[in-house]
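For reference, the structure is listed below as structure tokens.
A short reminder: the numbers here are calculations on the coordinates, not readings from a lab. A quick note: this is a predicted structure, and the numbers were derived from the prediction, not measured. With ideal geometry, Cβ positions are generated from the backbone for all residues, glycine too; neighbour counts draw on all protein chains shown.
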Amino acid sequence: MTFVKVMHATALAAALIATGCATTDPYTGEQKTSKATKGAAIGAAAGAVLGVATSSKSDRGKGALIGAAAGAAIGGGIGHYQDQQEAELRQQLEGTGVRVQREGDMLKLIMPGNITFAVNSEQIQPDFNDVLDSVAVVIGKYDKTVVDIRGYTDSTGSFEHNQALSERRAQSVASYLINRKVSAGRIRTAGYGPRYPVAPNTTEAGRSQNRRVEINLQPM
């Protein structure tokens with residue numbers, strides 16, 4: 001089998017994977033492909049290229065096929081892992097005010113400050129404990145995930161004060177999760193103060209959105 005034929009076959013296989021496993025969104029009717037399927041298709045293509053690059057000239061066809069198979073397994077596995085984690089988080093957090101966003105293989109939990117903390121405080125509000133307990137249960141189960149916790153504030157007050165407050169809020173969430181048996185070795189924290197606003201700081205509604213904590217979940 002020639003190199004061109006192998007790459008053509010690999011590309012065709014990736015396309016069939018992506019189209020053959022499409023599902024219909026029950027809310028929009030839109031045809032969607034799962035992240036696991038996309039990951040398998042991308043992994044197959046990348047694996048084929050790597051297999052060719054690392055094989056001798058006479059074995060390039062075999063190397064491409066082996067690489068495609070390995071890449072599909074790895075890409076699909078990561079996607080499936082995150083698909084499952086996303087589904088459980090959405091189920092646990094429905095109606096809590098916490099938003100779950102998917103960006104490739106990263107899951108982002110956005111926790112508005114008005115439901116997590118009192119104004120100008122890093123103490124987690126007692127009413128939010130059950131929500132964080134649910135988060136801890138899910139991410140404790142999916143222990144091959146890095147937990148990146150980021151704190152943000154609005155632009156009211158000095159930059160120095162807001163920066164320190166955002167760091168303390170991120171650390172408060174981290175400490176809570178650690179106390180709920182999430183491994184400290186998986187957790188990273190950072191504070192960004194008023195940087196990277198998601199809404200204008202000119203209105204109270206906008207400032208409320210900017211006072212937030214985000215938890216980014218990425219496969220190790």
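Of note:
- Karplus-derived 3J(HN,Hα) values for the stretch 139-153, using 6.51 cos²θ - 1.76 cosθ + 1.60 with θ = phi - 60°, are 6, x, 6, 8, 8, 9, 10, 7, 9, 9, 9, 10, x, 9, 10 Hz; glycine and proline are entered as x.
- Out of every Cα-Cα pair that the stretch 145-208 contains, those further apart than 20 angstrom amount to 34 percent.
- Here the calculated FRET efficiency for ILE178 and GLN123, from their Cβ-Cβ distance with R0 = 22 Å, stands at 0.85, rounded to the nearest 0.05.
- Over the C-alpha trace of the stretch 95-219, radius of gyration and Dmax come out as 13.8, 41 angstrom.
- Relative contact order (%) - criterion: Cα under 8 Å, at least six apart; region: the stretch 95-219: 36
- Extension gain from ILE115 to ASP143, taking 0.36 nm per residue of separation minus the Cα-Cα distance: 7.4 nm
- Segment GLN92-GLU160, length gained on full extension (0.36 nm per residue, minus Cα span): 20.9 nm
- In a DSSP loop and with at most 16 other Cβ atoms within 10 Å, the trypsin sites (Lys or Arg not before Pro) in the stretch 113-164 are LYS144.
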